[in-house]
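Asks: One structure follows; several queries about it will come next.
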Amino acid sequence: MEKVLERSEVKKENTWDVESIYQNVEDWQKDYTECRKEITYLEGQKEEFLKNAKNFKEFILLSDKVERQLEKIYVYANLKNNEDMANTKYQELLGKGSNLYQEYSEKTNFVVPLILKEDKKKIESYIESEKELIPFRHTIEDILRYQGHNLSEVEEKVVAAYNTVLSSASKTADMLMDADMRFGNILDEEENEVELTQSNYGIYIRSNDRRVRKDAFEKIHQVFGSFQNTLTTTLESTVKCNSTTARLKNFKSSLELSLFENNIPESLYHNLISVVHNNLDPLYKYFNIKKKKLGLKEFHLYDGYVSTVTDITKKYSFEDGKKLVLDALSVLGEDYIETLKKAFSERWIDVYPNRGKTSGAYSSGTYDTKPFVLLNYTGDYNDVSTLAHELGHSMHSYLSNTHNEHTNASYPIFLAEIASTVNELLLSYYMEHHANTKEEKLAILNERLDTFKATIYRQTMFAEFELYMHEAVDKGEVLTAEKLCDKYYELNKLYFGKNVVVDSDIRHEWLRIPHFYRPFYVYQYATGLSIASYIAKNILEEKEGFRDKYLEFLSSGGKDNPLEILKIIDVDLTDTKVLEESLTMFKETVDAFEQLQS
């Protein structure tokens, strides 16, 4: 077993260059102190900032400066804290940074309500008369879209205060699931008694020993079932909060409220569900292939996660991973690759695990910093794929920041997972094409199929269940555990098909899905992979002019609504073409997987 390094033992070239943000805590403190003063000044402008165009311009420009400072302050503290979570110095810094964000939010919470009370033409005249406000046009117009959906300043404060209280239902559910619930013990593959937890469930449900995965599946869902009344209550609180807010703010449904922020039509949500319903046969076929390969008379839900192929056991040094990623992404052109190389030469990446370092991987940065990447690289193929994924985020941020003013650089969540997933798919196809053995190719295909299954099919099933809940509450119906369990069971039967035994314990799975406490979020995973599939296909087929369009898309940030930005790459999500093409890619991969298995 390799020694776990202390942070001080990690070579500098394998760490991120956080000192490019602030050389030391003293420099951070100077910005922190200045930022607090500017926030206090902004608070004092409540009665003045809308009096004339000049005041409005100065307020908006200073707010933009403060937000840039806040981003740097927070990101520096967060990155340093994540290097070693036990370091109390950076724990304190992160707490101060988080509190400063909260202070800014509270002291400037008058801005949006007061803008919405003003005549739209007056605000537009300010933009026309002050050229420095032109970069802020989209941001301001996005605020003005909420006219007709806004309450008085006092009412907005009341709603915001109660939403904070009601959102505690999510925290209650998290605490119950993560801290208080116990799932008992099961016997592992060597028949050793082990405690089942939320964390290790993912390991045991993938066990090659059918007894183990069956025991894990039944035990975890039975325990959740014993808490169904409590967890129904917490989730219903979240749904009711969303529904009540929609009604108060003059939206016709919870769905309209949730999609309004990104200007997404409700038809897109319904189209996604409809397209997936019409393309369930390839998924059924995939389950049948797994059933045959596993030699089972009956294919149960707990058999769906076990792999039917030999995993890639080859280890890749970080240099190997770097070369694979650069080679796989070379189809994006020389300019993209030359910029991508900066990630390695300019120390964007914190590569290896060390004692106290936070787990997982992410991309994080600000308009005024490098788009940093946190890894915990150990050399598995999954680490190479994660490197490609996170660099997709970082390149999207780098290009957006380079080509836009600060106010338009940040892209919305609806677009956030596209570039990262494009990189994953390009790596997947590269690895398939360059596989040395049949087993390697099968492993790559299997991973791609599982990604589609988990990201498009499963998330769309979640989205359909979520829509059912919110529509019921919007109509004044009461959510009961029995009603929700029955609906979830019906959806599983639909999505898994008649040749899969849909075990009754699956009725309780919805109880353990934390994303349901963030209304109408999960559908974006499905649309993101669908769009990424379309992009990867056109890149690999070298469709004329498409690569340049994709780079323009990456450089567009958030300067317009997401559906308008997608039109740069000829994506029109008001129809179903892109959604259907992504499932064609899944079908083709299923066919290739079946042919290679025979």
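Asks: May I ask you to evaluate 6.51 cos²θ - 1.76 cosθ + 1.60, the Karplus curve with θ = phi - 60°, for each residue of segment 71-78 and list the ³J(HN,Hα) values in order in whole Hz, giving x for glycine and proline?
Replies: 4, 5, 4, 5, 5, 4, 5, 5
Asks: Out of all DSSP beta bridges in the chain, what portion is antiparallel? Express it as a percent rounded to 5. Please report the intermediate quantities before stating the final value.
Replies: On the way: 6 of 10 bridges.
For the chain, the DSSP antiparallel bridge percentage is about 60.
Asks: May I pose another question? Residue farthest toward the positive end of the dipole of the chain, with Cβ of Lys/Arg at +1 and Asp/Glu at -1: which of Ile289, Ala343, Val25?
Replies: The one lying farthest along the dipole's positive direction is Ile289.
Asks: Taking a point 7 angstrom from the Cα of Gln29 along the C-beta vector, which residues in segment 73-97 have backbone N less than 13 Å away?
Replies: Within reach of a label on Gln29, which here means backbone N under 13 Å from a point 7 Å along Cα→Cβ, segment 73-97 contributes 93.
Asks: Under Stokes-Einstein, with the Kirkwood radius over Cα pairs standing in for Rh, what whole-number D in µm²/s applies to segment 192-317 at 4 °C and 1.567 mPa s? Don't skip to the end; give the middle numbers.
Replies: Numbers: Rh = 18.9 Å.
This corresponds to a translational diffusion coefficient of 68 µm²/s.
Asks: Relative to the longest principal axis of the chain, what angle (0 to 90°, nearest 10) does the C-alpha long axis of helix 228-248 take?
Replies: Long axis of 228-248 versus the principal axis of the chain: about 40 degrees.
Asks: Highest mean first, what order results for 199-205, 485-491 on Cβ atoms within 10 Å?
Replies: Details: 199-205: 15.9, 485-491: 17.7.
Packing proxy ranking, top to bottom: 485-491, 199-205.
Asks: Using amide H atoms built 1.01 Å from N in the peptide plane, name the residues 5+ places from Val306, or on other chains, whose amide H lies under 5 Å from its own.
Replies: Under 5 Å from the amide H of Val306 lies no amide H from a residue far enough along the sequence or on another chain.
Asks: Let me ask another. Given Cβ point charges of +1 (Lys, Arg) and -1 (Asp, Glu) and nothing else, what value in debye, to the nearest 20, does the dipole of the chain about its Cα centre take? Don't jump to the answer; show the numbers that get you there.
Replies: Details: 75 positive and 100 negative charges, 125 e Å.
That gives a dipole near 600 debye.
Asks: Okay, moving on. Given Lys72/Lys370; Lys290/Lys587; Lys96/Lys342; Lys80/Lys314, which pairs have Cα atoms separated by over 22 Å? Write out the running numbers ahead of the final one.
Replies: Values: Lys72/Lys370 11 Å; Lys290/Lys587 15 Å; Lys96/Lys342 31 Å; Lys80/Lys314 32 Å.
As for pairs spanning more than 22 Å Cα to Cα, those are Lys96/Lys342; Lys80/Lys314.
Asks: For segment 182-226, what is the Kirkwood hydrodynamic radius in Å, using each pair of distinct C-alpha atoms? Present the calculation step by step, with values, prior to reporting the outcome.
Replies: On the way: mean 1/r = 0.0980 Å⁻¹.
With all distinct Cα pairs of segment 182-226 included, I get 10.2 Å.
Asks: How far is helix 281-294 tilted, in degrees, relative to the longest principal axis of the Cα atoms in the chain, given as a value from 0 to 90 rounded to the nearest 10?
Replies: Between helix and principal axis, roughly 50 degrees.
Asks: Right, next: Of Ala463, Gly528, Ser226, which is farthest along the charge dipole of the chain in the positive direction, counting Lys and Arg as +1 and Asp and Glu as -1 at C-beta?
Replies: Ser226
Asks: Hey, how many Å between the Cα centroid of segment 288-302 and the Cα centroid of segment 498-555?
Replies: Distance between centres, Cα-based: 25 Å.
Asks: In whole Hz and in residue order, list the ³J(HN,Hα) couplings for segment 100-106 that follow from phi through the Karplus curve 6.51 cos²θ - 1.76 cosθ + 1.60, θ = phi - 60°; x for Gly and Pro.
Replies: 5, 4, 4, 4, 4, 4, 5
Asks: Something else about it: So which trypsin sites (Lys or Arg not before Pro) in segment 299-369 pass both tests, a DSSP loop state and at most 13 other Cβ atoms within 10 Å of the Cβ? Mind showing how you got there, number by number?
Replies: Details: sites: Lys314, Lys315, Lys322, Lys323, Lys341, Lys342, Arg347, Arg355, Lys357; in loops: Lys314, Lys315, Lys341, Arg347, Arg355, Lys357.
Those satisfying the criteria are Lys314, Lys315, Lys341.
Asks: Can I ask one more? Stretch Glu541-Lys342 to full length: gain in nm at 0.36 nm per residue minus the Cα-Cα span? Can you show the working numbers first?
Replies: Numbers: separation 199, 0.36 × 199 = 71.64 nm, distance 2.72 nm.
Length difference between fully extended and current span is 68.9 nm.
Asks: Kindly provide the helix-only [θ] at 222 nm of the chain, computed as the sum of -39,500 (n - 2.57) over DSSP H runs of four or more divided by all residues, to the nearest 500 deg cm²/dmol? Spell out each step's value before the answer.
Replies: Working: 28 runs with 362 residues, N = 598.
One gets -19000 deg cm²/dmol as the mean residue ellipticity at 222 nm.
Asks: Follow-up question, since we're still on this one. Can you give me the Cα centroid spacing of segment 5-58 and segment 354-420 in angstrom?
Replies: With segment 5-58 and segment 354-420 each reduced to a Cα centre, they are spaced 21 Å.
Asks: Could you tell me which of the pairs Lys285/Lys498; Lys219/Lys285; Lys453/Lys549; Lys252/Lys559 are separated by over 18 angstrom between their Cα atoms in the structure shown?
Replies: Numbers: Lys285/Lys498 11 Å; Lys219/Lys285 28 Å; Lys453/Lys549 28 Å; Lys252/Lys559 28 Å.
As for pairs spanning more than 18 Å Cα to Cα, those are Lys219/Lys285; Lys453/Lys549; Lys252/Lys559.
Asks: If you don't mind, there's one more thing I want to ask. Just flag the trypsin sites (Lys or Arg not before Pro) in segment 260-306 sitting in loop per DSSP whose Cβ has no more than 12 other Cβ atoms within 10 Å. Could the numbers behind the result be given before it?
Replies: On the way: sites: Lys285, Lys290, Lys291, Lys292, Lys293, Lys297; in loops: Lys297.
Here the trypsin sites (Lys or Arg not before Pro) that fit, given the DSSP loop and packing criteria, are Lys297.
Asks: Using θ = phi - 60° and the Karplus form 6.51 cos²θ - 1.76 cosθ + 1.60, what ³J(HN,Hα) does each residue of segment 134-146 get, whole Hz, x for Gly and Pro?
Replies: Karplus values, whole Hz, x for Gly and Pro: 4, x, 9, 4, 5, 4, 5, 5, 5, 5, 5, 4, 7.
Asks: If you don't mind, there's one more thing I want to ask. Where a ≥ b ≥ c are the square roots of the eigenvalues of the C-alpha gyration tensor, would you call segment 429-552 rounded, which needs a/c under 1.5, or, failing that, prolate if a/b is larger than b/c, or oblate? Kindly include the intermediate steps, with their values, before the conclusion.
Replies: Numbers: a/c = 3.55, a/b = 1.71, b/c = 2.08.
Verdict is oblate for segment 429-552.
Asks: Rounded if a/c is under 1.5, else prolate if a/b beats b/c, else oblate: with a ≥ b ≥ c from the C-alpha gyration tensor eigenvalues square-rooted, which is segment 389-464? Show your work: numbers first, answer last.
Replies: Working: a/c = 5.63, a/b = 1.56, b/c = 3.60.
It comes out oblate by the Cα gyration axes.
Asks: Would you calculate the convex hull of the Cα atoms in segment 7-166 and tell me its volume per residue in Å³?
Replies: Values: hull volume 24.0 nm³, N = 160.
Value for segment 7-166: 150 Å³ per residue.
Asks: Could you list the GluC sites (Glu not before Pro) in segment 323-400 that lie in coil according to DSSP, counting only those with at most 12 other Cβ atoms within 10 Å of their Cβ? Write down the numbers at each step before the final one.
Replies: On the way: sites: Glu334, Glu338, Glu346, Glu390; in loops: Glu346.
Sites meeting the loop and neighbour criteria: Glu346.
Asks: Given +1 on the Cβ of Lys and Arg, -1 on the Cβ of Asp and Glu, and no further charges, what dipole in debye does segment 125-217 carry about its Cα centre, rounded to the nearest 20? Please report the intermediate quantities before stating the final value.
Replies: Details: 11 positive and 19 negative charges, 59 e Å.
Dipole magnitude for segment 125-217 comes out near 280 debye.
Asks: Scan around Tyr352 for amide H atoms under 5 Å from its own, H built in the peptide plane at 1.01 Å from N, and keep only partners 5 or more places away or cross-chain.
Replies: Placed amide hydrogens put Tyr377 under 5 Å from Tyr352.
Asks: Here is a follow-up. Phe299's amide H: which non-local residues (gap 5+, or another chain) put their own amide H closer than 5 Å, with H modeled 1.01 Å from N in plane and none for Pro or chain starts?
Replies: Val501
Asks: Are any of the pairs Lys171/Lys475; Lys157/Lys483; Lys323/Lys441; Lys323/Lys543 more than 29 Å apart by Cα-Cα distance, and if so, which?
Replies: Working: Lys171/Lys475 26 Å; Lys157/Lys483 35 Å; Lys323/Lys441 19 Å; Lys323/Lys543 25 Å.
Violating the 29 Å limit, Cα to Cα: Lys157/Lys483.
Just so you know, all these numbers are worked out from the coordinates, no wet-lab data involved. Keep in mind that what you see is a predicted model, and the values were worked out from it rather than measured. Please note: Cβ atoms are built from the backbone with ideal geometry, for glycine as well, and neighbour counts cover all protein chains shown.
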